[in-house]
Amino acid sequence: MLNTKNYNLSGTKAETLLVLSEIGYNVPEVLYFTVEEWNANPDKLIQKTSSTFQGKLLAVRSSTKAEDTEDSSMAGAFESLLNIKKEKAAITEAVNTVVNSFDDDLSNQILIQPMVTNVAMSGVIMTHVLDDGSPYHVISYDDKTGLTDTVTSGSTINKTVYIYNGVDENDFDSPYLLAVVNLVRDLQNTFPNIPLDIEYAIDKDLITHLLQVRKITTIKSWKKNINSEVSSRMMYLKTYVSQLMQPRPYLFGERTLLGFMPDWNPAEMIGVVPHSLSMSLYRELITKSTWRIARERMGYRKMPNVDLMVSLFGRAYIDVRNSINSFLPDGLNETISEKLVNAYINRLDKNPYLHDKIEFEVVHTAYDFDFDKNFNARYPNLLSNEEFYEYKGLLRNLTKKAINNNYKSSINIALRNIDKLKSIQDSNGIKSESNSFSIADKINTLIDECIEFGTIPFSILARHGFIAEAILRSAVNNNAISEKRLKEFRSSIVTVAGEMSNDFHLVFNSKLNKTDFIKKYGHLRPSSYDILSPNYSNRKELFDGKARERIECDSKFILTEEEKKAINILLGEHSLDGITASDLFLYTEKAIVGREYGKFVFTKHLSSILEYIAEWGELNGFSREDMSNLKVNDVLNILFKPLTNDVKSFYQNRINKEKINFEIASSFKLSYLIRSVRDVHIVPMQRSSANFIGNKRIEAEIVVLTPYMDDIPQLENKIVCIEGADPGYDWIFTRNIAGLITKYGGANSHMAIRSAEYNLPAAIGCGEQSFERIIGAKQCLLNCKGKQLEPIFLE
């Protein structure tokens, strides 16, 4: 039974552990002595050590006065040695090694304990988030090696989970994590109101061993009231998620999942915690209705009026059930639809690592040459033969219709609409408006144009790109064409992004005027929806550095007769009547070129919207940062009704409120994939498998870039790290960089394509945990051939 008396953390590591042992905690037996005592009579202390610990390996640890103070933990500053044999020479060497790492204070202590054996899990717990104090227990652990120091030493890839401090015991499916939380709660009762840094080990009999407790020293920098701000919203968040998980009218599927990388991937496009303006623009232009209208025009089912994206107190998530429903072919039987949606959701639930690959690995969104094999492997006995053939037939017809090159095909209509938007842009430019009303009116018009002639056709083109990619991948799998030849085909395609690279080189070689370049490409910006990210027009450093040579294709890609024959046989075997190999590759090229061109054109309208919003703000005395904290409808509402009080104070109040909400959103810890209400409380840090580009192996210094940097550091021969695979970062390819790493992004993302074009080694979408480990180092190993991404810590 633990003594419930309150204690202070005022002693050394050894003294604290001895007190905890006396209270009743399961602490490995404690023996300690000072440097002065060791110097006076080492033989006596070695004999005492040998008699105290019978037949056990030892841990010889530091316990100095400089460690675990109010202002500094000095974690890792002094030596500690593990698995020391109980022999005089071994003990002497270990103690001397520890002492030699100390300062000259003879009262510093050496702590000796028996090693914990039969370890199932070990690690470190912070009772609050270290950087802001939000109310989560941060548990980093190793449940693989059986060692007790891998988390503190950083010697292996460990797991991290955030657990809300109000978590219910019924939320756990891991007895080890529950044991850890119970240990935390006991220690918080012993040391009330003291944020704690705890080291622990749990053996295979589920016995918890307490190895260290000290104060968290970053408390002075924590956000004020962050505990209450997060906790007060948690109940409402659980209720909202619970409601989303229920069956909904006109949607198939018993439940949903929420993820920030499926489908339209807000993590990559606007960030996990976007500012209000970014999220509201993304919703208006894409996730409110554009996403479903585009798919309906291609032959997918007609959807109810539901949003694709939801906001969990400022964090952007995709409703996976809504996404999956939108990929069902129109006319599909309701019983089949219900079975499919439930099966797709269950597969993602059981394989959460597929959260950024659902259109290739989870949901069958089109027909390809591997359809039968993949569907039956993933979903055996899900559908009857009759149901399977109905689903297959509808998807095949949708795919044939997509590839069809007639005037009224969805891909050709989309391209004509993009051309209309380009014509509108050519006839209009950004013109200063005289008052708030006229600026809002202009923004409203730009949004309407951007949706009808920009984001809807772009969404259609992007979907065609996915369909084409799936078919070509399956052609490779069926040996109709090699992966090498498919790579040559992709490299031969000239997109607007490739044209921009060529124009960059012309500028560097003084063959193109910088003004002409900016006129064409000046609207591009990293983080396309973010008003705080300067566009190319406003980046003075754009043409600094040295351009990296682009790998040019030797000639136009031409299918061999053997390839044509093999692909035509496949097309015939799969009843894709009237489509030839040449038709398929023409369609693929048109989809890829059209997708990049559509993105290029509609983002010019998006950039104009942002610049007009900045102008509106300047007219009313607000900075870009202020405006980032308003929603786009806050600006547009003045077209609907007059304000009844002072404009400045009215909007300033909204801005101040949104700034607070943004800070709170940043402190929320939510999983990359929310599968049930309990995932609101128990949040594993994302660990993804990166998409490696190329087959090179490099080691180089890293540089982290953000959209908001005014001064760009030297990038030549460095590995550049960015959060999203955003096309607005295309300028980095002019810096002769050594490699590229992104936190988010998939195999088909813009930066994956560009890296392949430049023969640049890259790891796209490595995930939160890997990315944080990499940017915490000075150098890293990027081994694309070996699928390896590792930090290199330099002393």
What residue, among those in segment 92-133 that are part of a loop (DSSP other than H, G, I, E, B), open to solvent by less than 40 Å² (accessible area, probe 1.4 Å) and among the β-branched types (Val, Ile, Thr), is nearest to residue 49 (Cα to Cα)?
116
Need pairs with beta-carbon distance below 6 Å; first residue closer than 9 Å to residue 673 by Cα and within segment 347-358, second charged (D, E, K, R); sequence gap 6+ or separate chains.
349/675
Of all residues in segment 623-639, which are surrounded by 16 or more Cβ atoms within 10 Å (Cβ to Cβ) and outside any helix (DSSP H, G or I)?
629, 630, 631
Checking residue 236 against (1) closer than 30 Å to residue 444 by Cβ; (2) open to solvent by 10 Å² or more (accessible area, probe 1.4 Å); (3) modelled with pLDDT under 95; (4) not in a loop (DSSP other than H, G, I, E, B), the condition it does not meet
(1)
The listed residue being under 26 Å from residue 631 (Cβ atoms) and touching a residue at least 40 places away in the same chain (Cβ under 8 Å), out of 447, 403
447
Residue 532, sole failed condition from (1) over 23 Å from residue 443 (Cβ atoms); (2) touching a Phe, Trp or Tyr at 6+ places or on another chain (Cβ under 6 Å); (3) of a type in the set (A, V, I, L, M); (4) open to solvent by 20 Å² or more (accessible area, probe 1.4 Å)
(1)
Tally, over segment 390-405, of residues that are among the aliphatic types (A, V, I, L, M) and open to solvent by 20 Å² or more (accessible area, probe 1.4 Å)
1
Residue list for segment 708-728, filter: in contact (Cβ under 8 Å) with a residue 40 or more places away in the chain, within 17 Å of the chain's Cα centre (by Cα) and open to solvent by less than 20 Å² (accessible area, probe 1.4 Å)
721, 722, 724, 725, 726
Based on what the data block shows, is residue 205 out of contact with any helix residue (DSSP H, G or I) (no Cβ under 7 Å at 6 or more places or on another chain), open to solvent by less than 50 Å² (accessible area, probe 1.4 Å), of a type outside the set (A, V, I, L, M, F, W, C) and over 17 Å from residue 312 (Cα atoms)?
no
Within segment 667-682, residues part of a strand (DSSP E or B) and more than 14 Å from residue 312 (Cα to Cα) come out as 682
Residues of segment 577-622 being small (Gly, Ala, Ser) and in a helix (DSSP H, G or I), in sequence order, are 581, 582, 591, 594, 598, 607, 608, 614, 617
Would you tally the residues in segment 208-220 being within 12 Å of residue 128 (Cβ to Cβ) and either modelled with pLDDT of 95 or more or open to solvent by 60 Å² or more (accessible area, probe 1.4 Å) (or both)?
1
Exactly one of (1) closer than 23 Å to residue 245 by Cβ; (2) charged (D, E, K, R); (3) touching a residue at least 60 places away in the same chain (Cβ under 8 Å) is unmet by residue 370. Its number?
(1)
Subset of segment 247-271 [buried (at least 24 other Cβ atoms within 10 Å of the Cβ) and either among the basic types (Lys, Arg) or within 19 Å of residue 675 (Cα to Cα) (or both)]:
256, 257, 258, 259, 260, 261, 262, 266, 267
Where the second residue is among the basic types (Lys, Arg) and at pLDDT 95 or above and the first is at positive phi and lies in segment 297-324, which pairs have Cβ atoms under 6 Å and are six or more apart or on separate chains?
299/401
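With respect to residue 472, determine if the residue is within 24 Å of residue 363 (Cβ to Cβ) and surrounded by 15 or more Cβ atoms within 10 Å (Cβ to Cβ).
Taking the combined requirement at face value, the residue satisfies it.
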In segment 640-659, anything surrounded by 13 or more Cβ atoms within 10 Å (Cβ to Cβ) and under 37 Å from the mean Cα position of the chain (by Cα) is listed as 650, 651, 652, 654, 655, 658, 659
Select from segment 489-508 the residues that are touching a residue at least 40 places away in the same chain (Cβ under 8 Å), touching a helix residue (DSSP H, G or I) at 6+ places or on another chain (Cβ under 6 Å) and not hydroxyl-bearing (Ser, Thr, Tyr) and list them in ascending order.
493, 496, 497, 500, 504
With the structure loaded, tell me whether residue 242 is open to solvent by 20 Å² or more (accessible area, probe 1.4 Å) and at pLDDT 90 or above or whether it fails that test.
yes
Please indicate, with yes or no, whether at least one residue in segment 422-431 is of a type outside the set (Asp, Glu), under 17 Å from residue 594 (Cβ atoms), at pLDDT 95 or above and touching a Gly at 6+ places or on another chain (Cβ under 7 Å).
no
Restricting the search to segment 42-58, which residues are touching a strand residue (DSSP E or B) at 6+ places or on another chain (Cβ under 6 Å) and either open to solvent by 70 Å² or more (accessible area, probe 1.4 Å) or not in a loop (DSSP other than H, G, I, E, B) (or both)?
45, 49, 52, 56, 57, 58
Screening 19, 27 for residues that are open to solvent by less than 20 Å² (accessible area, probe 1.4 Å), modelled with pLDDT of 90 or more and among the hydrophobic types (A, V, I, L, M, F, W, C) leaves only 27
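Conditions (1) in a helix (DSSP H, G or I); (2) open to solvent by 50 Å² or more (accessible area, probe 1.4 Å), marked per residue:
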position	(1), (2)
365	no, no
373	yes, yes
377	yes, yes
383	no, no
388	yes, no
407	no, yes
411	yes, no
415	yes, no
Residues of segment 519-537 satisfying the condition of being outside any helix (DSSP H, G or I) and more than 19 Å from residue 450 (Cβ to Cβ):
526, 532, 534
So which residues in segment 207-235 are without any contact (Cβ under 8 Å) to a residue 40 or more places away in the chain and more than 22 Å from residue 665 (Cβ to Cβ)?
220
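The values are calculated or read from the model by the stated rules, or taken from the named source; none is laboratory data. Keep in mind that what you see is a predicted model, and the values were worked out from it rather than measured. Cβ atoms come from the backbone with ideal geometry, glycine included; neighbour counts cover every protein chain shown. Surface areas here come from the heavy atoms of the whole protein model, side chains and all, with no ligands, DNA or RNA. Shrake-Rupley method; radii C 1.70, N 1.55, O 1.52, S 1.80 Å.
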